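Below is one structure, written out as C-alpha cells, with a few remarks after it.
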Amino acid sequence: MVSIHPELLRITDAIAHRSRDCRAAYLSRQRRTGGQQPDRQQLSCGNLAHGFAACDSTDKARIRLMESANVGIVTAYNDMLSAHQPFRDYPERIKNYVRELGCTAQVAGGVPAMCDGVTQGQAGMELSLFSRDVIAQATAVALSHQMFDAVLCLGICDKIVPGMLIGALHFGHLPTLFIPAGPMPSGIPNSEKQRVRQLFAEGKIDREALLDAEAASYHSAGTCTFYGTANSNQLILEALGLQLPGGSFVNPGSALREALTGEAAQHICKISRAGPRCRPLAEVIDERSIVNAMVVLLASGGSTNHGIHIPAIARAAGVLVNWDDLDALSRLVPLLVRAYPNGEADINHFHAAGGSGLLFSELLNAGLLHGDARTMWAETLSDYVCEPYLEQGELRWRQAAEKSLDTDVIASMSSPFDAEGGLRLVTGNLGRALIKVSAVPSSRRKIRAPALVIQSQDDLQSRFRAGELDKDCVVVLPYQGPRSNGMPELHKLTPLLGVLQDRGHRVALLTDGRMSGASGKVPAAIHLSPEAAAGGAIARLRDGDEVVIDADAGELNCLVDEHEWASRTPLASTVATDGVGREMFAGVRQQVTSAEMGASVLFTSEEGRSHE
C-alpha cells in the first residue's frame, strides 16, 4: 500500500476537524433512520397497497413479502438532453435485470433536467443553477414514499448529478448508485468548433455556417464530448465510488454499455437494505471521498462549476469544504489530462488513452488519493484501477492500462502537463474568486490592465462590433451572482475574448457569475464573492481602474486610492428579474448562500459556513 502524501493527509484532517460537529449530526440522523425497520415495513396496509397497485402480480407478491430488494429509480430522462435521451428505456431494462435476482424496481420519481447548451446566453440560463436544488428536493420527494431498499439514479448533466446526489444523501441510510448512458461518438474536432465560433464572433461567417458546425459537433444521443461539467460529473462519481469503474465513457447503444447497466442494477440489489451486505450511502461519502473528488477534478482540469457543486454536495453529507481546500489541493496535485477546452482531445479520446482507471492509478501510486475510501461497487477506491470488457458476451474486468496510450491526452506523474492542478483561488480587496488555469498559458496567468465595466453579455458584443475593445483590458461584469440573477453561465463572452487575445491583447474576465464547464484559454476570475448584490466590491469598479489578477500569486486587487474607493457608490443593477419563470425564484435569490458555500437554499449561511 502506497503511503498517503502528508499534505493530502493534512488537508483531509483539517476538513474532518472543521466538519466534526456537522458530520456527527448528519451521521446520527442517518443512523437513526437506518436503525429503524426497513422502510416499507413501516407503511400501513393502505400505504403499501397504493405503493404496489400498478405492479404486475409477480412484483406485487415480491414487494408484499418484503424478503427481497425493491429498488427506487430516480430518473432525469427527457429527450431534449442528448445525454439523457438514452434513459428512456432504462427503467424497464433495470426491472428485468433485478427480476433475475428475485427483486423488484419502481420508478420512484422524475426530476427536471434542463440543458445549459440550449439556454446559454438566454434568459432561461438564470434558472439553471437553481435547478440543482429543485432536483435535490425532487429526489427527496421521490424517495419519501419509503418503499425502497436501495436507489438507482439516472442522471449525467450539469446540475442534475449534483442535485440528485444532494437529495440522495438526505436518504443516506440507503445504498445508491448512478447509472450513466455514455458520450456521443466524436464529431468535428473541438478546435474546429472553437475556430468557427470565433469567425462568427468576428462577423466573417454567417449563422448558417455556425449552425452547421455546431450540429456536426452535437450530433447524436449521448453526452457532449468536450470535457465540461457533465463529463466532470462522471469522473467525480467514479472518484466518489458511486459509479462503476471505467464505465462512464462507454458509448450509448453498445453491448458493453448494456452489460454495465445490468451489472449496476443487479449489484445494487446485492448491497441493499434487504440483505446482509448493506452499504449505506452515508458511510461511503465522507471527507476522504470528498477530497478524492476534488483531487480528480484538479488532476483532470475539470469544470469550474464544481467549485460550487462540491461544497454543496459535501455539506449535504455533513462535510465542510471551501475554496482554500481546493486551492491547497491544486498546488499539490499535478495536471495529468489534456481534454478540450484544456487540449484538443475529447472525452472519447481520454477513454481510449486509458481513461479513469489509468488516471486513478497514477494518483494512487503517488499517494494523492485515499485508496482506503469506501465505494459502492468495490471494497475501496484502490480497486477502481480496472476497466470493463466483454468476453463472449459476458462482462469482465481487467487491470486498466499501466501507461498512457496517448501521452498528449493523459500524462504520467513523472511528466505532467503542469506541476499544479486546474483551479486556483485569487483573493484581495475585490474579494475571493476562482480561476481555471489548466487551459491558460503560464504567460497569461497574470494581468494588470484597466477595467472595462459592462452591463451584460450583449453589451460586450456591441462594444466589440463598434471597435472599442482592441486594447488590453479586464472585462468586468457585475450582478451575475446567485442573489442577483441566479448566476448564469456567461458563455457568449468566450469567443469575443478569445478573438481579442488572439489579436495580441492581454485580456481577462472578472465576474461574480459563472463561465462554463468549457472555460478556456482566456483567464477568468469567476464566482467572485461577495457578489455585487451582497455588497461586493465588484460593484465599485469603474472603467479605467487598474485591476490585477495573478493566478500564480493568488492575487485579486484593484489599485485605486483608498479614500476614493471608500467614497464610491456601488453601481446599480440592470438585470431583469421576471419573465421566463424568473419571478418564481425571487424568494430563492433572497435566501441563497454565497458561491463558496455552494449557492444553495437547502441550508442557511450559518449552517453552511465553511470559510471564516
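Couple of notes before you dig in:
- All told, Glu387 falls short of being within 30 Å of Asp552 (Cα to Cα) and either part of a strand (DSSP E or B) or touching a strand residue (DSSP E or B) at 6+ places or on another chain (Cβ under 7 Å) (or both).
- Qualifying residue in the stretch 317-325 (condition: under 25 Å from Gly222 (Cβ atoms), out of contact with any Leu (no Cβ under 6 Å at 6 or more places or on another chain) and among the polar types (S, T, N, Q)): no
- Qualifying positions in the stretch 395-431 - charged (D, E, K, R) and buried (at least 23 other Cβ atoms within 10 Å of the Cβ): Arg424
- Residue match in the stretch 70-83 (condition: more than 30 Å from Met184 (Cβ to Cβ), outside any strand (DSSP E or B) and either out of contact with any Leu (no Cβ under 7 Å at 6 or more places or on another chain) or β-branched (Val, Ile, Thr) (or both)): no
- Restricting Glu489, Glu531 to those that are within 24 Å of Gly124 (Cβ to Cβ), within 20 Å of the chain's Cα centre (by Cα) and of a type outside the set (Ser, Thr, Tyr) reduces the list to Glu489.
- Failed condition for Gly367, given (1) crowded, with 22+ Cβ neighbours inside 10 Å; (2) modelled with pLDDT of 95 or more; (3) not in a strand (DSSP E or B): (1)
- The condition (being charged (D, E, K, R), closer than 30 Å to Ala221 by Cα and either touching a Leu at 6+ places or on another chain (Cβ under 6 Å) or without any contact (Cβ under 8 Å) to a residue 40 or more places away in the chain (or both)) is satisfied by just one residue among Asp21, Asp56, Asp89: Asp89.
- Being farther than 24 Å from Phe350 by Cβ and crowded, with 24+ Cβ neighbours inside 10 Å is a condition met by at least one residue of the stretch 156-166.
- Among the residues making up the stretch 527-562, those that are among the aliphatic types (A, V, I, L, M) and part of a loop (DSSP other than H, G, I, E, B) are Leu541, Ala551, Ala553, Leu559, Val560.
- Number of the exception - Asn342 against (1) at pLDDT below 95; (2) in a loop (DSSP other than H, G, I, E, B); (3) within 26 Å of Val2 (Cα to Cα): (3)
- Every residue from the stretch 33-65 that is basic (Lys, Arg) and within 17 Å of Ala150 (Cα to Cα): Arg40, Arg62, Arg64
- Ser382 being in the same structural domain as Ala264 (by TED's automatic domain parsing), of a type in the set (Ser, Thr, Tyr), at pLDDT 95 or above and farther than 30 Å from Glu555 by Cα: yes
- Odd one out for Glu67, checked against (1) closer than 20 Å to Arg277 by Cβ; (2) over 33 Å from the mean Cα position of the chain (by Cα); (3) not polar (S, T, N, Q); (4) not in a loop (DSSP other than H, G, I, E, B): (4)
- Qualifying residue in the stretch 223-244 (condition: assigned by TED's automatic domain parsing to the domain that holds Gly371, surrounded by fewer than 16 Cβ atoms within 10 Å (Cβ to Cβ) and within 25 Å of Pro86 (Cβ to Cβ)): no
- Top-ranked residue in the stretch 303-325 [being more than 14 Å from the chain's Cα centre (by Cα) and part of a helix (DSSP H, G or I); ranked as farthest from Ala524 (Cα to Cα)]: Ala316
- Selection count, the stretch 563-582, where residues are within 11 Å of Glu126 (Cβ to Cβ) and outside any loop (DSSP other than H, G, I, E, B): 1
- Screening the stretch 184-214 for residues that are under 18 Å from Ala439 (Cβ atoms), part of a helix (DSSP H, G or I) and under 25 Å from the mean Cα position of the chain (by Cα) and picking the one that is modelled with the lowest pLDDT gives Asn190.
- Of the helices (runs of 4 or more DSSP H) lying entirely inside the stretch 1-59, the ones with 1 or more residues being at pLDDT below 95 and under 26 Å from Leu174 (Cβ atoms) are found at 20-34, 45-52.
- Residues that are crowded, with 20+ Cβ neighbours inside 10 Å and either over 28 Å from Arg32 (Cα atoms) or over 18 Å from the mean Cα position of the chain (by Cα) (or both), drawn from the stretch 141-155: Ala142, Leu143, Met147, Phe148, Asp149, Ala150, Val151, Leu152, Gly155
- Any chance Val474 is within 19 Å of Ser438 (Cβ to Cβ) and touching a Leu at 6+ places or on another chain (Cβ under 9 Å): no
- Where Gln42 falls short, out of the listed (1) more than 20 Å from Leu177 (Cβ to Cβ); (2) buried (at least 20 other Cβ atoms within 10 Å of the Cβ): (2)
- Among the residues of the stretch 404-436, those that are closer than 23 Å to Ile308 by Cβ and hydrophobic (A, V, I, L, M, F, W, C) comprise Leu423, Leu425, Val426, Leu430, Ala433, Leu434, Ile435.
The values are calculated or read from the model by the stated rules, or taken from the named source; none is laboratory data. All of these numbers come straight from a predicted model, not from anything done at the bench. Backbone-built Cβ (ideal geometry, glycine too); neighbour counts: all protein chains shown.
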